[in-house]
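Trainee: Structure below; questions to follow.
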Amino acid sequence: MFSEQNSEIITLTDERGETIAADVVDTMTYKDKTYIAIVPIGEDFSDDDLYALEKRVDKKGEEYLEEIEDDRLFEKIIGIFARRIEEREEAAAQETVMKYEL
């Protein structure tokens, strides 16, 4: 599903101390907060596993990612990301069709 050519791979550590590699597929600002959409990489995940995290900066200027605790906000953010990604994929598919029609 997700096929970003210029994506970024990050490594996350979960609450059990396990590391997970993830592909950052989108970033956006919503109500003055920054969110990222990720797709975990690995055999336990499919290409359709989309997650959203809030990007924060601490007092020292260090960036970190935090889960979105509010379920309603999480669903809203995931919905926005899903629409944005779908629109981008449709535009890319249309561009490919137009190239072959020429």
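Trainee: Hey, any idea what % of the chain's accessible area is carbon plus sulfur with a 1.4 Å probe?
Mentor: 45 percent
Trainee: Could you give me the radius of gyration and the Dmax of the chain, taking only the C-alpha atoms into account and expressing both in angstrom?
Mentor: Gyration radius and largest Cα-Cα distance of the chain: 15.5, 54 Å.
Trainee: In straight Cα distance, which lysines are under 27 Å from Lys76, not counting same-chain residues fewer than 8 positions off?
Mentor: Cα-Cα hits under 27 Å: Lys31, Lys33, Lys55.
Trainee: A further question follows. Amide H of Ile41 versus every other amide H placed in the peptide plane: which residues, excluding those fewer than 5 positions away on the same chain, fall under 5 Å?
Mentor: Here the answer is Ala21, Ala22, Asp23, since their amide H atoms fall under 5 Å of that of Ile41.
Trainee: Further question on the same structure: Using label points projected 7 Å from each Cα along Cα→Cβ, tell me how many nm separate Glu90 and Tyr30, to one decimal.
Mentor: Here the answer is 1.9 nm between the modelled labels.
Trainee: From the helices alone, meaning DSSP H stretches of at least four residues, give me the mean residue ellipticity at 222 nm for the chain, per-run term -39500 (n - 2.57), in deg cm²/dmol to the nearest 500.
Mentor: -11000 deg cm²/dmol
Trainee: Let me ask something else about it. Using only Cα positions of segment 46-86, each an equal point scatterer, no hydration layer, compute I(q)/I(0) via Debye at q = 0.25, 0.26, 0.32 Å⁻¹ and quote the log10 values to two decimals.
Mentor: Log-scaled intensity ratios, in q order: -0.89, -0.92, -1.07.
Trainee: So, one more: Calculate how steeply helix 71-101 sits against the longest principal axis of the alpha-carbon atoms of the chain, using the helix alpha-carbon long axis, and give the answer as 0 to 90 degrees to the nearest 10.
Mentor: That helix lies at roughly 30 degrees to the long axis.
Trainee: Please give me, ordered by residue number, the GluC sites (Glu not before Pro) of segment 7-102 that lie in loop per DSSP and have at most 12 other Cβ atoms within 10 Å.
Mentor: Glu15, Glu18, Glu43, Glu62, Glu69
The values are calculated or read from the model by the stated rules, or taken from the named source; none is laboratory data. Remember, it's a predicted structure, so these values are computed and weren't measured experimentally. Heads up, the Cβs are rebuilt from the backbone with ideal geometry, glycines too, and the neighbour counts pull from every protein chain shown. Ligands, DNA and RNA are stripped out before the accessible areas are found, and what is left, the full protein with its side chains, is counted by its heavy atoms. Shrake-Rupley method; radii C 1.70, N 1.55, O 1.52, S 1.80 Å.
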